[in-house]
Amino acid sequence: MDPTTDNAGNTGDAGTARASLEALRAEIAKAVVGQDPAVTGLVVALLCRGHVLLEGVPGVAKTLLVRALASALELDTKRVQFTPDLMPSDVTGSLVYDARTAEFSFQEGPVFTNLLLADEINRTPPKTQSSLLEAMEERQVTVDGTPRPLPEPFLVAATQNPVEYEGTYPLPEAQLDRFLLKLTVPLPSRQDEIDVLTRHASGFNPRDLRAAGVRPVAGPAELDAARAAVAKTTVSPEITAYVVDICRATRESPSLTLGVSPRGATALLATSRAWAWLTGRDYVIPDDVKALALPTLRHRVQLRPEAEMEGVTADSVINAILAHVPVPR
């Protein structure tokens, strides 16, 4: 075998990129205990040029997770704390009058970064939430009729409290659909919580990731090589049909008022390809689709009120569909 080619038929650059991205888990684990699924989801989103919604109760290290990711990837990051009085211009930027030149100049908002941490995004009204729509979809911000491109790579990692919490505003469906993945960040297990307290007792400071030993293990070059390799990952017609059948089944479910759109089907195909490549294959299998179905689809469906009252969840509906839709052989 050519020494520049790995077992999955990828070039040496792609193999190096995969190894670097796999090293992210160990690096982020220096700061965050027991959230491997969320770390993997963030990496998948970066590979797919998508955005991530992190949901969990306060205090489960959602913010710390995003900050650790930015440090391990050596990406520029900015944080916006979303509050009820936050204005759209506080996120995107605005024109500012300069008395010395008697002209207006554009002052960039925090959205001009590689990794934007939108903290507690559902604590601000929909008008401000929607200010991110153009940035997330078009990778640009338009102010006074002038489009201004955002840096590359660009990812919005938004955290939100469960909608049952006081003072929260449900995200509009149009914005939810712009998030590639919705990742749930659960409370830690007993042992993980013991590990967290042990670290703090030993002097761990979550505001000083350098002191915790978090170092850059990948960067934009590795991301570019990885994205190019993911784009070459083979998808058979049977897998494509399997993705379509899953998404169409959500539109026919009696428990849902809103099923997955074609955009959601495209997202599931993209995340499945990224996961296949991360696991060392250059082709997608049904297990890849199953692995990414919940985080890719759970926020794209809407439960009927009567189903919700009976304790049905989006995850349970999707799991039932996965169990029902025939798996290609």
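The numbers here are math on the coordinates, done by the rules we state, and not lab data. Remember, predicted model here, so these are calculated numbers, not experimental data. Backbone-built Cβ (ideal geometry, glycine too); neighbour counts: all protein chains shown.
Taking the Cβ-Cβ separation of S130 and S261 as r and a Förster radius of 25 Å, what is the calculated FRET efficiency to the nearest 0.05?
0.85
Per DSSP H run of at least 4 residues, take -39500 (n - 2.57); add these up for the chain, divide by its residues and hand me the 222 nm value, nearest 500 deg cm²/dmol. Could the numbers behind the result be given before it?
Working: 14 runs with 143 residues, N = 329.
Helices in the chain give a 222 nm mean residue ellipticity of -13000 deg cm²/dmol.
What would the Debye formula give as log10 I(q)/I(0) at q = 0.21, 0.24, 0.29 Å⁻¹ for the alpha-carbon point model of segment 259-316, no solvent?
Those come out to -0.77, -0.90, -1.10, one per q.
Less than 12 Å Cβ to Cβ from T40, Lys/Arg counted +1 and Asp/Glu -1: what total charge do the surrounding residues give?
-1
Could you point to the residue in P262, L155, A17 farthest towards the positive end of the chain's charge dipole, with +1 and -1 charges on the Cβ of Lys/Arg and Asp/Glu respectively?
It is A17, whose Cα lies furthest towards the positive end.
May I have the pair-distance distribution P(r) for segment 196-310, computed from all Cα-Cα distances with 10 Å bins from 0 and rounded to whole percent?
Percent of pairs per bin, in order: 12, 29, 22, 21, 15, 1.
For an R0 of 22 angstrom, estimate the FRET efficiency from the Cβ-Cβ distance between R304 and R248 and round to the nearest 0.05.
0.75
Of the DSSP beta bridges with both residues in the chain, give the percent that are antiparallel, rounding to the nearest 5. Don't skip to the end; give the middle numbers.
Details: 13 of 31 bridges.
DSSP beta bridges in the chain are roughly 40 percent antiparallel.
So if I place +1 on the C-beta of Lys and Arg and -1 on the C-beta of Asp and Glu, and nothing else carries charge, what would the dipole magnitude of the chain be about its Cα centre? I want it in debye, nearest 20.
So the magnitude is around 280 debye.
Let a ≥ b ≥ c be the square roots of the eigenvalues of the Cα gyration tensor of segment 135-195; is it rounded (a/c under 1.5), or, if not, prolate (a/b larger than b/c) or oblate?
Taking the square roots of the gyration eigenvalues as a ≥ b ≥ c, segment 135-195 is prolate.
To check my understanding: the extent here is largest minus smallest coordinate of the Cα atoms along each principal axis. What are those three numbers for segment 166-217, in Å, largest first?
44, 30, 21
Just to be sure I understand: of the beta bridges DSSP finds with both ends in segment 1-159, what percent are antiparallel, rounded to 5? Numbers along the way, then the final one.
Numbers: 11 of 23 bridges.
The antiparallel fraction comes to roughly 50 percent.
Given Cα positions, please report Rg to Rh for segment 61-167, the hydrodynamic radius being the Kirkwood one.
Rg/Rh: 1.01.
Expressed as a whole percent, how much of the Cα-Cα distance distribution for the chain exceeds 34 Å?
Summing the P(r) tail past 34 Å for the chain gives 27 percent.
For segment 190-256, max minus min Cα coordinate along each principal axis, in Å, sorted largest first?
The Cα atoms of segment 190-256 stretch 52, 39, 18 Å along their principal axes.
If you take the C-alpha gyration tensor of segment 1-129, multiply each eigenvalue by 5 and take the square root, what semi-axes do you get, largest first, in whole Å?
36, 21, 12
What's the extension gain from T240 to D192 if we count 0.36 nm per residue and subtract their Cα-Cα distance?
Values: separation 48, 0.36 × 48 = 17.28 nm, distance 3.85 nm.
So the chain would gain 13.4 nm between T240 and D192.
Please compute P(r) over all alpha-carbon pairs of segment 144-239, binned at 10 Å starting from zero, and give each bin as a whole-number percent.
Spelled out per bin, shortest first, that is 10, 19, 32, 30, 8, 1.
Given charges of +1 on the Cβ of Lys and Arg and -1 on the Cβ of Asp and Glu, with all other atoms neutral, how large is the dipole of segment 103-165 about its Cα centre, in debye to the nearest 20?
Result for segment 103-165 is approximately 80 debye, rounded to the nearest 20.
Hey, got the dipole for segment 147-250? About the Cα centre, +1 on K and R Cβ, -1 on D and E Cβ, debye to the nearest 20?
360 debye
Compare A29, A102, A291 in a GNM of the chain, Cα atoms joined below 10 Å, and give the one with the largest fluctuation.
A102
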